[in-house]
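Report on one structure; see the data block that follows.
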Amino acid sequence: MKSLLPVFFAFALGCSFASAAEVIEVGATEFDELPGGKEADGIVGDFVMRNDLVEVVISGNLPLRRPNMGGFYGTNGETPGIIYDLTLRGADNDQMTLFSPSSQKGPVSYVRPIDTGDDSVAAIETVVTAARGGGLARRHVYRLRDGEQGILIESTISNQSDRDIPVKIGDVWTQMREKGSLKGIQWANAIDPADRCGYAVARVETEAATIPEESTPTLKPGETVTVARFLAVGTSPAEAMGVVAAYRNSKAVGTLRLSLRDESGAAIPAGQVDLVVGNGIPIPAYPDEDGKIEIFASVSTYTLTARDIGREAISREVELAAGDEHEWEAEMSDLSTVVFSITDESGGDLPIKVQFNPRRGTADPNLGPTDRAHGCVDQWHSETGSFTVPLPPGDYRVIVTRGPEFDHLSEDISLKLGKSVTIEGQLIRSVDTRGWVSTDFHNHSTPSGDNTCGTDDRIINLAVEHIEFAPTTEHNRLYDWEPHIDRLDLGKFLSTVPGMELTGRGAHFNCFPLVPDPTKQDGGAPVWQKDPRLNTIVLRNFQREEPDRWVHLNHPDMSENFVDWNRDGRPDGGYPFFANLLDGLESQNYRASNILAGAPYKISPLKDGIGKRVEVFREVVWLQLLNRGVTVWGIGVADAHHVHGNGVGSWRTYIPSSTDSPSRIDWREMSRHAKAGRMILTSGPFLEVETGSGAIAGGQDRSSGEVELDVKVQCPSWLDIDRVQVLVNGYQHPDYNYTRETHADMFSDEVVKFDHTLSIDLSEDAHLIVVAIGENSNLQLGYGSSTQSSIQPCAYNNPIFIDVDGGGFQPNYDELGHPLPVSNLSVEKVEALLAN
């Protein structure tokens with residue numbers, strides 16, 4: 001049947017399209033025909049179906065085809081012949097990772113266009129023969145008709161075996177966090193409401209398909225089941241639901257015409273109207289730029305609630321009958337806002353982060369999902385210092401930061417309904433890091449698949465936390481963040497280089513540079529292998545020989561990789577020669593530092609508080625390995641997957657640089673310094689360590705027994721340290737433990753917290769690491785309600801190796817009082833080891 005909706009959306013987008021439905025097989029010359037969007041995943045070899053209203057991408061029968069790592073992960077994770085992208089025509093606004101009819105996954109026999117005999121209908125079929133499908137033959141037919149704002153999908157599954165087989169006919173669609181259903185129609189919202197997109201789907205009857213009573217029927221030999229569903233896309237979940245409802249039964253819907261206006265009559269395009277039936281989940285409808293909403297809705301009684309952050313919500317009841325046209329012009333209060341005008345000390349623009357901490361009984365604000373920059377829970381991350389934030393009225397402490405090289409601003413405000421408060425000021429870069437740049441070699445956005453953080457949002461997040469160099473490291477996809485940086489005009493604050501994270505059920509690796517090819521599966525990335533040595537070798541030589549290519553080990557399982565490779569509980573040295581293939585490993589990855597833990601493991605309670613578990617401290621194992629002569633440089637990263645909570649900024653790595661301008665950073669220089677170990681790891685404090693003869697992190701020095709270490713620690717106004725500990729071959733020597741309590745005269749309350757030359761007496765070759773930590777403080781002021789707040793301020797250098805006897809540095813093989821941890825350590829075993 002034809003949809004009742006007019007061809008409105010194409011005109012609303014400022015374009016018109018030919019009405020003939022069509023299928024395009026994507027080759028190199030048709031690549032630009034693929035639709036775009038946050039989750040767009042089309043490549044050469046896929047198919048585009050489109051009519052006058054929508055565009056659909058059906059994945060081609062290609063090797064290892066998958067949209068990203070967030071489809072079906074692992075064995076048979078490929079998904080040829082299903083829907084990857086669905087968006088309104090010309091909107092380039094795909095928000096769905098995949099739609100898999102009847103849980104279709106794994107290899108297929110073929111995917112091809114078919115002739116329906118009707119010029120107004122385009123169609124594609126995906127076929128899995130019984131021989132390939134283990135006795136089950138599957139056929140999925142996708143039909144797109146002119147004038148319809150969705151696609152009809154019919155699945156036929158036949159048991160051609162000699163045994164009973166249960167089959168899944170339930171559909172899978174990802175990744176939308178907010179879902180619901182009403183009257184048999186399922187709906188899903190875009191992760192970020194600002195993307196103004198929603199989907200809806202429902203079972204429908206066709207000549208061959210009936211609506212099944214169960215989702216996993218058992219087919220006897222020779223039996224067949226056919227199911228169909230209609231999948232629609234709209235500018236909101238409510239609109240998509242109305243399209244599906246009208247498709248199912250045009251006589252059982254009415255029309256809602258809504259308009260959002262403020263007290264002066266101006267349109268409110270940023271708000272929404274929630275539709276609620278009974279005690280059901282609110283279904284959002286989003287207005288256009290004129291503040292208007294026009295949608296179909298199923299016959300029912302609705303509570304309509306107009307909402308907009310910073311305004312009072314208003315509601316009304318509507319009883320919608322078949323054929324009714326209900327109009328409501330919702331007049332909302334004026335907007336409550338906070339206007340920011342923040343510059344650096346010279347008056348220049350800069351990206352900043354703002355926290356809105358409620359006071360005096362004000363409720364916690366919710367400015368949006370954790371995945372975005374412009375409004376994430378109680379924070380706002382901005383690519384510029386001049387912007388406006390809508391905020392519910394109330395009392396707040398507003399805190400402005402820009403990473404740990406800048407002081408902070410704090411101001412208490414009382415915001416009235418419909419009013420505005422202006423916050424002006426300068427952020428002072430108080431910490432002097434000339435000659436070093438702040439880097440983070442591990443972060444993610446939605447192309448990775450295991451998260452839904454917008455890529456632009458990740459770039460803003462990096463910039464506001466003052467990361468100056470961040471290689472692109474999406475999971476299992478070659479990608480380049482530079483176009484996003486350019487679009488946001490953040491090139492003078494942040495630079496990148498294309499790379500990837502190679503991921504599987506074992507060791508993960510980050511690597512740069514690599515050259516993305518967006519026309520290919522995973523951008524042309526290699527495939528992960530179980531043996532970690534093979535992955536490092538492949539990455540080292542992938543695409544072309546590149547001596548400056550960087551490869552490091554992510555969030556390592558220190559036991560499996562370096563102690564007990566086959567996980568049988570007996571030490572075997574880990575994977576032979578593995579360390580020699582690595583440039584570095586993540587000794588710090590998002591969480592608190594345990595480099596001063598004193599043991600490589602501890603007993604921790606399980607998350608539910610019932611029972612215990614063994615927790616291995618990779619930092620201490622790293623020290624033990626250094627004592628064995630296994631030299632793999634440590635790096636600190638965030639591994640961010642969200643913006644709020646698990647965002648950027650917790651751990652980072654400082655690397656020497658010939659330029660302090662991010663736009664001129666040379667990735668080769670970064671890699672060469674990092675390969676030489678010239679790196680400082682920190683959750684905030686800026687640490688400088690140098691021997692009297694000028695050796696820094698990663699360097700070597702010669703001494704007859706006494707070494708002078710110049711140690712300097714700087715912190716901005718919102719951070720502090722209270723202990724400096726020199727580790728000698730990983731050992732916390734009490735003579736080189738300086739605290740505010742025992743050495744008060746050595747610490748300051750100014751920006752420079754500690755600046756002294758320390759004399760270290762050595763009787764044998766030693767590697768030296770200086771740890772500066774705030775044992776009685778955390779990152780709360782800078783990170784607020786984000787998870788990083790609980791981390792202590794901490795910094796340490798990669799080791800400096802001191803040759804005492806002139807025979808070249810020799811490791812001492814000291815295990816620091818505890819054996820290296822094998823895999824699968826039991827609680828009882830660790831308790832016994834700690835007791836001894």
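The values are calculated or read from the model by the stated rules, or taken from the named source; none is laboratory data. Values in this document were obtained by computation on a predicted structure and should not be read as measured data. When we count neighbours, we look across all protein chains shown, and the Cβ atoms used for this are built from the backbone with ideal geometry, even at glycine. Side chains included, ligands, DNA and RNA excluded: accessible areas come from the protein's heavy atoms. Shrake-Rupley method; radii C 1.70, N 1.55, O 1.52, S 1.80 Å.
In region 679-698, what count of residues is obtained for those that are open to solvent by 20 Å² or more (accessible area, probe 1.4 Å) and out of contact with any Phe, Trp or Tyr (no Cβ under 9 Å at 6 or more places or on another chain)?
Step one: of region 679-698, the residues open to solvent by 20 Å² or more (accessible area, probe 1.4 Å) are 688, 690, 692-694, 696.
Applying the additional criterion that residues be out of contact with any Phe, Trp or Tyr (no Cβ under 9 Å at 6 or more places or on another chain) yields 690, 692-694, 696.
Result for region 679-698: 5.
Mind listing whichever residues of region 322-350 are more than 27 Å from I268 (Cα to Cα) and not aliphatic (A, V, I, L, M)?
G323, T343, D344, E345, S346, G347, G348, D349, listed by residue number.
Filter region 566-587 for residues that are polar (S, T, N, Q) and without any contact (Cβ under 8 Å) to a residue 60 or more places away in the chain; which is least open to solvent (accessible area, probe 1.4 Å)? Break it down stepwise before answering.
Within region 566-587, the subset polar (S, T, N, Q) is 566, 580, 587.
Right, trim to without any contact (Cβ under 8 Å) to a residue 60 or more places away in the chain and you get 566, 580.
Working: N566: 70, N580: 123 Å².
Of everything passing the filter in region 566-587, N566 is least open to solvent (accessible area, probe 1.4 Å).
Any idea which residue in region 628-664 is nearest to G584 (Cα to Cα), counting only those that are β-branched (V, I, T) and surrounded by fewer than 22 Cβ atoms within 10 Å (Cβ to Cβ)?
Looking only at region 628-664, we keep the residues that are β-branched (V, I, T), and these are 630-632, 635, 637, 643, 648, 653, 655, 659.
From the residues that got through so far, the ones that are surrounded by fewer than 22 Cβ atoms within 10 Å (Cβ to Cβ) too are 630-631, 659.
Working: V630: 11, T631: 9, T659: 23 Å.
So the residue we want is T631.
So, of the residues in region 257-287 that are of a type outside the set (A, V, I, L, M) and out of contact with any strand residue (DSSP E or B) (no Cβ under 9 Å at 6 or more places or on another chain), which turns out to be nearest to A240 (Cα to Cα)?
Only one residue tops the list, namely N279.
Do you know which of the residues in region 218-237 that are in a strand (DSSP E or B) and among the small types (G, A, S) is farthest from R139 (Cα to Cα)? Show your work before the answer.
First, the residues of region 218-237 that are in a strand (DSSP E or B): 218-219, 224-234.
Now drop any that are not among the small types (G, A, S), which leaves 228, 232, 234.
Values: A228: 12, A232: 21, G234: 27 Å.
Among residues in region 218-237 that are in a strand (DSSP E or B) and among the small types (G, A, S), the one farthest from R139 (Cα to Cα) is G234.
Of the numbered conditions (1) free of Cβ contacts under 8 Å to residues at least 40 places away in the same chain; (2) over 30 Å from V44 (Cβ atoms), R591 fails exactly one; give the number of that condition.
Evaluating R591 over (1) free of Cβ contacts under 8 Å to residues at least 40 places away in the same chain; (2) over 30 Å from V44 (Cβ atoms) leaves (1) as the failure.
Restricted to region 243-279, and to residues that are under 25 Å from E148 (Cα atoms) and open to solvent by 40 Å² or more (accessible area, probe 1.4 Å), which residue is nearest to the chain's Cα centre (by Cα)?
Within region 243-279, the match that is nearest to the chain's Cα centre (by Cα) is Q272.
Scanning for something among the aromatic types (F, W, Y) and part of a loop (DSSP other than H, G, I, E, B), does region 750-763 turn up at least one residue?
So in region 750-763, the residues among the aromatic types (F, W, Y) come out as 754.
Restricting the remaining residues to those that are part of a loop (DSSP other than H, G, I, E, B) gives none.
No, that holds for no residue.
Specify the residue that is nearest to G271 (Cα to Cα); the eligible residues are those in region 190-242 that are open to solvent by 10 Å² or more (accessible area, probe 1.4 Å) and among the polar types (S, T, N, Q).
If we take residues in region 190-242 being open to solvent by 10 Å² or more (accessible area, probe 1.4 Å) and among the polar types (S, T, N, Q), then T235 is nearest to G271 (Cα to Cα).
Would you tally the residues in region 127-172 being among the hydrophobic types (A, V, I, L, M, F, W, C), open to solvent by less than 20 Å² (accessible area, probe 1.4 Å), under 21 Å from G71 (Cα atoms) and part of a strand (DSSP E or B)?
5
May I ask you to list the residues in region 359-376 that are open to solvent by less than 70 Å² (accessible area, probe 1.4 Å) and among the acidic types (D, E)?
D371
Counting only residues that are basic (K, R) and closer than 30 Å to I399 by Cα, which one in region 455-512 is least open to solvent (accessible area, probe 1.4 Å)?
Checked region 455-512; the qualifying residue least open to solvent (accessible area, probe 1.4 Å) is R458.
Of everything in region 197-227, what is among the charged types (D, E, K, R) and under 34 Å from the mean Cα position of the chain (by Cα)? Give them in sequence order. Give the derivation first.
First, pick out the residues of region 197-227 that are among the charged types (D, E, K, R): 203, 205, 207, 213-214, 220, 223.
Hit for region 197-227 is R203, nothing else.
Which one of these is modelled with pLDDT of 95 or more, surrounded by 17 or more Cβ atoms within 10 Å (Cβ to Cβ) and not β-branched (V, I, T): S789, S759, S777?
One residue alone meets the criteria, S777.
What's the number of the condition P526 fails, among (1) assigned to a loop (DSSP other than H, G, I, E, B); (2) touching a residue at least 60 places away in the same chain (Cβ under 8 Å); (3) of a type outside the set (A, V, I, L, M, F, W, C); (4) out of contact with any strand residue (DSSP E or B) (no Cβ under 6 Å at 6 or more places or on another chain)?
With (1) assigned to a loop (DSSP other than H, G, I, E, B); (2) touching a residue at least 60 places away in the same chain (Cβ under 8 Å); (3) of a type outside the set (A, V, I, L, M, F, W, C); (4) out of contact with any strand residue (DSSP E or B) (no Cβ under 6 Å at 6 or more places or on another chain) applied to P526, the lone miss is (2).
Return the only residue of N594, N535 being of a type in the set (S, T, N, Q) and part of a loop (DSSP other than H, G, I, E, B).
Values: N535 fails: part of a loop (DSSP other than H, G, I, E, B).
Only one candidate qualifies: N594.
Which of the following residues is part of a loop (DSSP other than H, G, I, E, B), among the hydroxyl-bearing types (S, T, Y) and within 24 Å of F754 (Cβ to Cβ): S650, S658? Let's see the steps before the verdict.
Details: S658 fails: within 24 Å of F754 (Cβ to Cβ).
Selected residue: S650, the only one of S650, S658 that is part of a loop (DSSP other than H, G, I, E, B), among the hydroxyl-bearing types (S, T, Y) and within 24 Å of F754 (Cβ to Cβ).
Can you confirm whether region 187-205 contains a residue that is more than 25 Å from N279 (Cα to Cα), in contact with a strand residue (DSSP E or B) (Cβ under 9 Å, 6 or more places away or on another chain) and not acidic (D, E)?
So the first thing to find is which residues in region 187-205 are more than 25 Å from N279 (Cα to Cα), and the list is 194-195, 204-205.
Filter again for in contact with a strand residue (DSSP E or B) (Cβ under 9 Å, 6 or more places away or on another chain), leaving 195, 204-205.
Remaining after also requiring not acidic (D, E): 204.
Scanning region 187-205, I find at least one residue that is more than 25 Å from N279 (Cα to Cα), in contact with a strand residue (DSSP E or B) (Cβ under 9 Å, 6 or more places away or on another chain) and not acidic (D, E), so the answer is yes.
Among the listed residues I696, I635, which satisfies the condition of being within 26 Å of T739 (Cβ to Cβ) and β-branched (V, I, T)?
I696
Quick one: which residue in E317, E289, E325 is over 34 Å from the mean Cα position of the chain (by Cα), without any contact (Cβ under 8 Å) to a residue 24 or more places away in the chain and either open to solvent by less than 60 Å² (accessible area, probe 1.4 Å) or on the phi < 0 side of the Ramachandran plot (or both)? Steps first, please.
Values: E289 fails: over 34 Å from the mean Cα position of the chain (by Cα); E325 fails: without any contact (Cβ under 8 Å) to a residue 24 or more places away in the chain.
After applying the criteria, what remains is E317.
Within region 528-556, work out how many residues are open to solvent by less than 70 Å² (accessible area, probe 1.4 Å) and either over 28 Å from the mean Cα position of the chain (by Cα) or more than 21 Å from M69 (Cα to Cα) (or both).
6
Any residue in region 625-637 that is more than 24 Å from F809 (Cα to Cα) and modelled with pLDDT of 95 or more? Spell out how you get there, then give the answer.
Keep residues of region 625-637 that are more than 24 Å from F809 (Cα to Cα), which gives 636-637.
In the following step, the residues that additionally are modelled with pLDDT of 95 or more were identified as 636-637.
Checked region 625-637: at least one residue is more than 24 Å from F809 (Cα to Cα) and modelled with pLDDT of 95 or more.
Against the definition (touching a residue at least 24 places away in the same chain (Cβ under 8 Å), within 16 Å of V630 (Cα to Cα) and open to solvent by 30 Å² or more (accessible area, probe 1.4 Å)), how does F801 come out, yes or no? Talk me through it step by step, then tell me what you get.
Details: touching a residue at least 24 places away in the same chain (Cβ under 8 Å): yes; within 16 Å of V630 (Cα to Cα): yes; open to solvent by 30 Å² or more (accessible area, probe 1.4 Å): no.
In short, no.
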